[in-house]
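Q: Got a structure for you, written out below as C-alpha cells; questions coming shortly.
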Amino acid sequence: MVNNGCMTTLEPRPARSPGVSYQELLDADTHPVPAVLRLESPLYLGDTDIPVERYISREWHEIEKERLWSRVWQFACREEQIPDAGDYIVYDITNQSYIVVRQDDGSIKAYPNACLHRGRRLKDYDGHCSEIRCPFHGFSWALEGHLTDVPAQWDFPHVEERREEDFHLPECQVGTWAGFVFINPDPQCEPLSDFLGGIQEQFEIWKLEDRFIEAHVTKIIGANWKIAQEAFSEAYHVNATHPQILPYLADTNSQVDVWENYSRVITAGLSTSPLLWYDVSEDDMMRGMLDVRVDQDSPIKIPAGQTARAVASASARDRWRSAVGDRVDSMSDSEMMDSIDYTIFPNLHPWGAFNRIVYRFRPNGDDHRSSIMEVFFLSPFSGKRPPNAKRRDLAIDEPFTNATELGMLAKVFQQDVFNMSKVQAGLETTWKPGVTLANYQEVKVRWLHKLLGEFVNKDFTGRR
Ligand code: FES
Ligand SMILES: [Fe+2]
C-alpha cells in the first residue's frame with residue numbers, strides 16, 4: 001500500500017475479483033484503446049461505516065442544504081435546453097429555486113427565483129421570455145438582470161434610489177462544460193474548471209457537447225437522494241438485483257477509479273460475471289444481451305473463432321456510423337460495449353462513449369426521504385440538431401417501464417428502484433449505526449461520503 005495523504009492507493013491489484021480484468025479485456029480489443037480507458041486510479045479510502053444519520057435525519061438534510069447545495073457546483077440544465085436568448089429553465093434544489101436564462105450575447109445567467117418586491121417566485125415553469133416579469137404586481141427585469149419596470153413607479157422613490165445596488169437580480173456563478181450548465185450559489189466559489197479538474201480532458205474524445213437529448217425521464221423515488229445515487233455507483237448489486245444480465249455483464253470485476261471531484265466505475269459488456277457458476281457460450285452471451293427467448297433464433301450468430309464482444313461491437317459501430325461518421329472505425333470495442341459510468345460530485349453521472357446515459361439525483365424538494373432520479377439519453381447526431389425529447393415525469397408509484405423511450409434499460413431501472421424505498425425503510429429501523437461498504441467495488445459510495453464530509457466541514461466563514 002502507498003500512503004497518498006489521506007488516501008491510500010491499492011497496488012498493484014490486491015483484493016480484486018477473480019476472472020478477467022477490464023484492462024485484460026482492453027488488451028484483447030479489436031481496435032485501438034484510447035488512453036483515458038488505460039488510466040487506473042484505485043484508492044483505498046478506509047473501511048469505517050457510513051453513519052446512518054446521513055440518510056435518515058432531518059438535521060443532516062439541513063446541513064446539506066446549508067453547506068452543500070448552497071456552496072457546490074451543480075448541474076442545472078443542458079445548454080440545448082436553452083438555445084435562444086430568453087430561453088430559461090427553473091432549476092429547483094431542496095427549498096431553493098433558480099432561473100437559468102440565456103442572454104442576448106449567448107452567455108448564461110442564473111438568478112434566485114424570487115421577486116425583489118414581495119418575494120413571489122418569478123417563474124413557475126421552463127419557458128421563453130423577452131423580460132423577467134413578476135406575475136404578482138408586474139415588477140420587471142431585463143434578461144441580464146437590471147430592473148426595467150415598476151408599475152406605479154411614483155409610489156417607489158426608495159426603489160428608484162437603490163435601483164442598481166439592491167434591485168438588480170442577484171447572480172449565481174455559472175459555468176459550462178461539455179454542454180452541461182452548472183451553477184454555484186456561492187459568490188466566492190472556485191472556478192468551475194478548477195472544480196471539474198481532469199475529467200474535462202478525459203471526456204474530450206467523447207464530445208458530449210455535440211449530443212442532443214433523445215430521452216429525458218424523471219422519477220420520484222421513495223428514498224434519500226444518496227440511496228438512489230449509490231444504487232448506480234457500483235456493479236456489486238447486479239448479482240442479486242439484475243441476475244438476468246450476469247451471463248453478459250462483468251459485474252464484480254468492474255474497474256473502479258477515484259480522482260478528486262470525480263470517479264468512475266467501468267463495467268464490461270459481453271463478458272460473463274465471475275459469480276456465475278457455469279460457462280456461458282459466446283452465442284448465449286449474445287442471446288442474453290438481445291433478450292432472445294429460448295424458443296427463438298438469435299438474430300446475430302457468432303462465427304466460429306470470434307467473440308460476442310467483437311461481433312456486438314462491430315454491429316454497434318454500424319449503428320452509430322450514420323450519426324458519428326467513420327470516426328467509429330477508430331473507436332474501441334470498449335467504447336461500443338461497456339458501461340463507463342462517471343460521477344461528478346455531488347450528483348451528476350455522465351457516461352463516457354456511446355452508452356449515452358446521464359443520471360442526476362437530487363432531493364425531492366425539501367423532503368429528505370424522497371428524491372428525484374433523472375435519466376437523459378444524450379445521443380450523437382449528424383446534420384441539423386434534432387429537437388430535445390419532451391421530458392416525461394414519473395410519479396412515485398409509476399414504474400420506469402412506462403418510459404418506453406428508455407428501451408430495455410427501463411426494466412433494469414425498475415429493478416433498481418424496487419430496492420430503494422426498502423433501503424430507506426431498513427435504515428430507519430436498523431439497530432446498526434452505520435452502513436458497511438466493500439473496499440474496492442463500493443469505493444465510489446465511500447468517495448461520495450468522504451467529499452460530502454469534507455464539504456460540510458469546510459470553513460465558509462466570512463462568506464455570504
Ligand atoms: S411580488 Fe413581484 S411584483 Fe410584487
Ligand atoms: Fe442496477
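The values are calculated or read from the model by the stated rules, or taken from the named source; none is laboratory data. Predicted, not measured: the structure shown is a model, and the values here were computed from it. Cβ: placed from backbone, ideal geometry, glycine included. Neighbour counts: every protein chain shown.
Q: Could you list all residues from segment 141-154 that are within 12 Å of ligand 1 (Cβ to nearest atom) and within 22 Å of V174 (Cα to Cα)?
A: W141, L147
Q: Moving on to the next point. Considering only residues of segment 53-83 that are assigned to a loop (DSSP other than H, G, I, E, B) and touching a strand residue (DSSP E or B) at 6+ places or on another chain (Cβ under 6 Å), which is farthest from R385 (Cα to Cα)?
A: Here the answer is W73.
Q: Does segment 51-64 include one or more residues that are at pLDDT 95 or above, within 16 Å of N184 (Cβ to Cβ) and more than 13 Å from ligand 1 (Cβ to nearest atom)?
A: Yes.
Q: Follow-up question, since we're still on this one. Of the residues Y111, Y125, only one is in a strand (DSSP E or B) and assigned by TED's automatic domain parsing to the domain that holds F180; which?
A: Only one candidate passes the filter, namely Y111.
Q: So which residues in segment 290-326 are surrounded by 10 or more Cβ atoms within 10 Å (Cβ to Cβ) and over 30 Å from the mean Cα position of the chain (by Cα), if there are any at all?
A: Across segment 290-326, the qualifying residues are V292, Q296, S298, P299, I300, K301, I302, Q306, T307.
Q: When the residues of segment 136-165 are narrowed to those that are surrounded by 12 or more Cβ atoms within 10 Å (Cβ to Cβ) and acidic (D, E), which ends up farthest from ligand 2 (Cβ to nearest atom)?
A: E160
Q: For residues in segment 181-207 being closer than 26 Å to S41 by Cβ and crowded, with 20+ Cβ neighbours inside 10 Å, which is modelled with the lowest pLDDT?
A: W206
Q: Looking at segment 442-452, can you tell me whether even one residue there is within 16 Å of ligand 2 (Cβ to nearest atom), acidic (D, E), in a loop (DSSP other than H, G, I, E, B) and touching a residue at least 40 places away in the same chain (Cβ under 8 Å)?
A: Yes, segment 442-452 contains at least one residue that is within 16 Å of ligand 2 (Cβ to nearest atom), acidic (D, E), in a loop (DSSP other than H, G, I, E, B) and touching a residue at least 40 places away in the same chain (Cβ under 8 Å).
A quick yes/no check of all residues on (1) part of a strand (DSSP E or B); (2) β-branched (V, I, T); (3) away from ligand 2 (no atom under 13 Å from the Cβ):
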site	(1), (2), (3)
D194	no, no, yes
Q200	no, no, yes
A223	no, no, yes
E234	no, no, no
Q255	yes, no, yes
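Q: Is it the case that V150 is over 37 Å from the mean Cα position of the chain (by Cα) and within 30 Å of A76 (Cα to Cα)?
A: So V150 fits the description; yes.
Q: Can you find even one residue in segment 412-424 that is part of a loop (DSSP other than H, G, I, E, B) and of a type outside the set (V, I, T)?
A: Checked segment 412-424: no residue is part of a loop (DSSP other than H, G, I, E, B) and of a type outside the set (V, I, T).
Q: Here's something else I'd like to know. Among the residues of segment 269-285, is any closer than 30 Å to L437 by Cβ and acidic (D, E)?
A: No, segment 269-285 contains no residue that is closer than 30 Å to L437 by Cβ and acidic (D, E).
Q: Mind checking which residues of segment 370-400 are surrounded by 13 or more Cβ atoms within 10 Å (Cβ to Cβ) and polar (S, T, N, Q)?
A: Within segment 370-400, S370, S371, S379, N388 meet the criteria.
Q: Is it the case that some residue within segment 132-154 is closer than 25 Å to S41 by Cβ and acidic (D, E)?
A: Within segment 132-154, not a single residue is closer than 25 Å to S41 by Cβ and acidic (D, E).
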